């Protein structure tokens with residue numbers, strides 16, 4: 001599950017810093033939709049675990065570059 005793996009990486013990075021940049025350009029099969037869902041899942045996971053440090057995620061892909069804010 002590509003989205004799940006990216007979501008976990010975002011969540012783990014968010015435990016260390018409020019602003020995270022994730023480069024998924026070399027991730028086979030990655031699409032903008034999968035990346036967006038991964039970011040949303042990471043925000044939901046941090047809310048469920050009570051760790052709401054993450055504020056913003058920037059995702060860099062082959063065909064996309066966008067930011068998701070909490």
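The values are calculated or read from the model by the stated rules, or taken from the named source; none is laboratory data. Remember, it's a predicted structure, so these values are computed and weren't measured experimentally. Please note: Cβ atoms are built from the backbone with ideal geometry, for glycine as well, and neighbour counts cover all protein chains shown.
Restricting the first member to the range 2-28 and to residues that are on the phi > 0 side of the Ramachandran plot and touching a residue at least 24 places away in the same chain (Cβ under 8 Å), and the second to residues that are surrounded by 12 or more Cβ atoms within 10 Å (Cβ to Cβ) and not in a loop (DSSP other than H, G, I, E, B), no beta-carbon pair is closer than 8 Å while six or more apart or on different chains.
Each residue in the range 52-64 was checked for being more than 15 Å from residue 6 (Cβ to Cβ) and assigned to a strand (DSSP E or B), and 1 of them qualify. Entry remark, the range 11-40: residues being outside any helix (DSSP H, G or I) and crowded, with 18+ Cβ neighbours inside 10 Å number 4 in total. Mind listing whichever residues of the range 41-51 are farther than 15 Å from residue 5 by Cβ and surrounded by 13 or more Cβ atoms within 10 Å (Cβ to Cβ)? Hits for the range 41-51 are 43, 46.
Looking at this structure, is residue 63 more than 10 Å from the chain's Cα centre (by Cα), without any contact (Cβ under 8 Å) to a residue 12 or more places away in the chain and exposed (fewer than 12 other Cβ atoms within 10 Å of the Cβ)? When the stated conditions are applied, residue 63 does not pass them.
Residue selection: residue 2 fails the criterion of being modelled with pLDDT of 95 or more and either out of contact with any strand residue (DSSP E or B) (no Cβ under 9 Å at 6 or more places or on another chain) or surrounded by 12 or more Cβ atoms within 10 Å (Cβ to Cβ) (or both).
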